[in-house]
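Quick notes on the structure that follows.
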Amino acid sequence: VYLHLFSSYVPVAHCTSKAGVSKLRPAGQLRPADLSAKKEKYASVITSLVTEFNQRFQDFSVIEKQIKLFSTPFLVDAEEVEESLQLELIEMQCDDSLKSQHQLLSLPDFYQSLDHAKFPLMRRHAKRMMSLFGSTYICEQTFSLLNQNKSRLRSRMTDSHLCEVLRVSTTKLSPDIPAILQSKGQHHCSH
């Protein structure tokens, strides 16, 4: 929304007066003639940002109702939810203790606290929504690490070595170095 608003202001901005230009440029570095070129450049950058955002987040419009159900289950109309979840949602919305828990706990903790037998479908829906964002983050993190490790300076790295580096980089496990060293009889190699 802000980008759309900002993109509508940039092309029509009138900063040709000396006072307007002096606010934009430090110590006379930008002439009024250069200002129109800068405005066109910024307008095109903002337009490309809007296009990029629309392309990246178009998938969210498809699952918008599911995301709302996950994040605000007490504000969602039960008739707008898929039939399999309606009864559990109505039962959840009628329970005042669950409403207060929802306000006090984080979303993962709230859904984890739900009764397994009473709300199995709502719990499954929550797990699906939570894994959606976590897996996207892990995927982007892995590609970022891939780009860092497979650079022009490290072009001799084989795919198997890269796979091992990525596995070590993305794991949450940390090695127990003292135990590993203790298991070895000799701490250094002799000739």
- line: The extension gain from Lys99 to His116, computed as 0.36 nm times the residue separation minus the Cα-Cα distance, is 4.4 nm
Accessible surface ranking that places the most exposed of His161, His125, His116, His102 first, with a 1.4 angstrom probe: His116, His161, His102, His125
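Val62 to Ser36: extension gain in nm, 0.36 nm per residue of separation minus the Cα-Cα distance?
Details: separation 26, 0.36 × 26 = 9.36 nm, distance 3.95 nm.
Going from the current span to full extension adds 5.4 nm.
In Å², and per residue, what accessible area does region 61-180 have when probed at 1.4 Å with the other protein chains present?
Numbers: 8700 Å² over 120 residues.
Value returned for region 61-180: 73 Å² of accessible area per residue.
Using DSSP to define loop residues, name the chymotrypsin sites (Phe, Trp or Tyr not before Pro) in region 67-116 whose beta-carbon has at most 13 other beta-carbon atoms within 10 Å.
Values: sites: Phe70, Phe74, Phe110, Tyr111; in loops: Phe74.
Here the sparse-neighbourhood loop sites are Phe74.
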field: Under Karplus coefficients 6.51, -1.76 and 1.60, residue-wise ³J(HN,Hα) of region 105-122 in Hz, glycine/proline x
entry: 9, 6, 4, x, 5, 4, 5, 5, 7, 5, 5, 4, 6, 7, 10, x, 6, 5
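The values are calculated or read from the model by the stated rules, or taken from the named source; none is laboratory data. This one's a predicted model, so the numbers in the text were calculated from it and none came from an experiment. We place every Cβ from the backbone using ideal geometry, glycine too, and count neighbours over all the protein chains shown. Quick note on the areas: whole protein, heavy atoms, side chains included, nothing else; ligands and nucleic acids left out. Shrake-Rupley method; radii C 1.70, N 1.55, O 1.52, S 1.80 Å.
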